[in-house]
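Participant: The structure that follows is given in the form of structure tokens.
Every read-out reported here was derived from the displayed coordinates using simple, explicitly stated rules and does not represent laboratory data. As the structure is a computational prediction, the values presented were derived from the model and not from experiment. Backbone-built Cβ (ideal geometry, glycine too); neighbour counts: all protein chains shown.
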Amino acid sequence: MRSPDELTALFRERGLRVTPQRQCIFRLLEGNDRHPTAEWVYQQAQSEMPTISLKTVYQTLNDLAAMGEIQALDVGTGSARFDPNIGHHHHLVCDRCGRTQDINVDVSALKLGRRQLRDFSVTSAEVVFRGICSTCSDHPTTKTTEDKAHA
């Protein structure tokens, strides 16, 4: 993902308003590998800007996704997650807390049969591995505060 300054310039180039709230969101996403939900971004931004709205967070995240600066993910955790890593990669997802992390896996050896590919041209593939993260394994029936923040 581009730096907050680069995103500010990009928004201005596209005629989008650059507000202190949006710049705060840019900073929260920079270097963030947690695949945050909009709600997590909103909670973090509120500590710096108590008047920020959830609508502003969603609008900014959706604008960034439309520009190809972040990727909106639906990995079945109940809330959309936003991934600042737009390079080709796959994900590990915890079935309990929803924690999502990037992984690089070589899937070039996977092949679909001719019957499955009839009238279809594959342009990309996404692989999601599901399981239980180590935090949830250590606490089988409760979620930690950190896990709730990721969800």
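Participant: Could you tell me the relative contact order of the chain? Use alpha-carbon pairs under 8 Å, at least six residues apart, and round to a whole percent.
Facilitator: 23
Participant: Here's another thing I want to ask about it. Subtract the Cα-Cα distance of Ala125 and Ile103 from 0.36 nm times their separation in residues, and report this length gain in nm to one decimal.
Facilitator: Extra length available between Ala125 and Ile103 comes to 6.5 nm.
Participant: Further, regarding this structure: Based on other C-beta atoms within 10 Å, arrange Val41, Val18 from fewest to most.
Facilitator: Ranking Val41, Val18 by Cβ neighbours within 10 Å, fewest first, gives Val18, Val41.
Participant: Please give me the summed charge of the neighbours of Phe26: other residues whose Cβ is under 10 Å from its Cβ, Lys and Arg +1, Asp and Glu -1.
Facilitator: Local net charge: -1.
Participant: Among (i) 17.6, 55; (ii) 13.9, 41; (iii) 20.0, 74, only one was calculated for this model; which label is it, if the read-out is Rg and Dmax of the Cα atoms in Å?
Facilitator: This structure yields the entry labelled (i).
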